[in-house]
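Note sheet for the following structure.
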Amino acid sequence: MDIVQEAKKVHEDVIRLRREIHQNPELSFKERDTAKLVAETLEQLDVPFQSGCGGHGLVARFDTPGAQRTIAFRGDMDALPITEETGLPFASKNLGVMHACGHDIHTAMLMGTAMLLKRCADKLTVNVRLVFQPAEERPPGGAVAMMRDGLADEGIDEIYGIHVFPLLGTGQFISRPGPFFAAPDTFKITIVGKGGHAAAPHNNIDPVPIAAEVVTALQTIASRTARPCDPMVLSVSTIHGGTVFNVTPDTVEMTGTVRTFSAELKETVPARMHQICDAVTRAHGASYELNYESGYMPLINDAGCVEKARAASAEIFGEDSFDANVEPMMFGEDFAHYLQTIPGAFIMLGVGGDKPADAAMLHTPRFIPDEEAFYRGPALFANIALRA
Ligand code: NI
């Protein structure tokens with residue numbers, strides 16, 4: 001049986017389902033209609049499934065008599081609070097909400113995987129679970145909820161997930177053994193000064209220059225605190241203070257993100273941030289508040305599973321189709337939670353067309369993935385299952 005030919009037969013269905021989800025995006029923990037579409041599709045295919053797992057999650061089951069092992073594939077279903085600017089005929093009808101991270105594609109490709117496995121179920125020697133996960137974008141995330149709600153008891157031996165990626169040519173797979181994505185933490189800092197007339201700074205405690213010093217000093221955590229070979233990112237991403245040019249504000253608020261791989265460094269960063277905020281603000285007679293929120297764990301791929309995925313891709317798409325040696329990236333993903341207890345691999349699939357360098361990035365309002373890639377996800381998943 002030619003998996004690629006079979007996958008191409010479900011390509012149109014994957015595109016159709018993805019466009020339908022794209023047009024009707026739902027935010028994290030609110031994926032009710034998306035879950036309903038998945039349930040209807042699985043019913044039509046006569047694939048048994050459980051719904052309402054960890055919120056709106058679903059688990060589809062392919063049970064093989066006498067099977068010793070269970071392989072799972074995961075697709076996430078939630079969208080982002082972004083106003084779409086693609087101008088596509090199937091653009092979001094839900095104003096202010098957009099599938100800008102491609103989770104519409106992940107869900108549709110997982111339904112395509114169900115279609116494909118249905119066609120080759122007699123050749124499976126393992127059980128398969130298709131995990132339709134809600135709420136990837138918002139900690140604590142849907143993975144934790146689904147595992148708590150019964151997924152952890154399914155006896156899953158290996159788990160695989162695919163994320164589309166526009167900065168990569170259409171159809172190309174990439175991954176790596178070990179650390180692949182970072183732990184994404186978030187923070188909010190408020191510099192508390194004393195406002196007044198901007199022409200009389202001696203009567204005020206101006207939080208604006210203090211905030212500027214804090215931003216600069218925070219950069220030393222990455223350059224002076226972290227070990228040089230221990231990658232980290234600290235980005236102050238928003239900064240807000242004041243209303244008009246001639247008034248010094250009382251406060252300045254800043255938010256940002258910290259990305260790390262090592263647990264030790266992840267522990268150290270908030271303590272260093274407190275030291276810096278404390279020392280800088282005290283030097284100027286101001287004070288501060290720091291809210292630091294720990295996000296997902298770093299995503300650590302199992303080397304054996306990465307190799308299985310690479311070999312499954314090489315078999316059907318050729319040796320060059322899967323680069324299993326790329327550098328780690330500083331994105332975050334709650335797929336990391338599964339990998340805490342289940343060996344598995346997270347894989348990126350290129351959707352950037354012929355000129356991926358010019359493609360709009362994930363999480364931007366003009367993200368337009370190349371639909372040509374959409375049959376390759378189901379083909380890879382099905383072939384991993386068939387080779388298991
Ligand atoms: Ni995503």
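The values are calculated or read from the model by the stated rules, or taken from the named source; none is laboratory data. Predicted model, so just to flag it, every value in this text is computed and none were measured. Because the Cβ atoms are built from the backbone with ideal geometry, glycine has one as well, and the counts that use them run over all protein chains shown. With ligands, DNA and RNA removed, areas are computed over all heavy atoms of the protein, side chains included. Shrake-Rupley method; radii C 1.70, N 1.55, O 1.52, S 1.80 Å.
Couple of notes before you dig in:
- Complete set of residues in region 52-68 that are under 28 Å from residue 123 (Cβ atoms) and either under 19 Å from the mean Cα position of the chain (by Cα) or open to solvent by 30 Å² or more (accessible area, probe 1.4 Å) (or both): 57, 58, 61, 63, 65, 66, 68
- The single residue among 39, 114, 108 that is free of Cβ contacts under 8 Å to residues at least 40 places away in the same chain, open to solvent by less than 30 Å² (accessible area, probe 1.4 Å) and either among the β-branched types (Val, Ile, Thr) or in a helix (DSSP H, G or I) (or both) turns out to be 39.
- With respect to the conditions (1) under 28 Å from residue 302 (Cα atoms); (2) at pLDDT 95 or above; (3) away from the ligand (no atom under 16 Å from the Cβ), residue 89 lacks only one, and its number is (1).
- Selection count where residues are farther than 16 Å from residue 174 by Cα and open to solvent by less than 40 Å² (accessible area, probe 1.4 Å), scope region 336-354: 4
- You will find that of 158, 213, the residue that is open to solvent by less than 50 Å² (accessible area, probe 1.4 Å) and either in contact with a helix residue (DSSP H, G or I) (Cβ under 6 Å, 6 or more places away or on another chain) or more than 16 Å from the ligand (Cβ to nearest atom) (or both) is 158 and no other.
- Scanning region 93-131 for residues being farther than 18 Å from residue 3 by Cβ, away from the ligand (no atom under 16 Å from the Cβ) and in contact with a Pro (Cβ under 8 Å, 6 or more places away or on another chain) gives a total of 2.
- When region 329-366 is filtered for residues that are modelled with pLDDT of 95 or more, away from the ligand (no atom under 15 Å from the Cβ) and over 19 Å from residue 105 (Cβ atoms), the ones remaining, listed by number, are 339, 340, 341, 342, 343, 344.
- Failed item, numbered, when residue 12 is tested on (1) at pLDDT 95 or above; (2) open to solvent by 10 Å² or more (accessible area, probe 1.4 Å); (3) farther than 17 Å from residue 127 by Cα; (4) not in a helix (DSSP H, G or I): (4)
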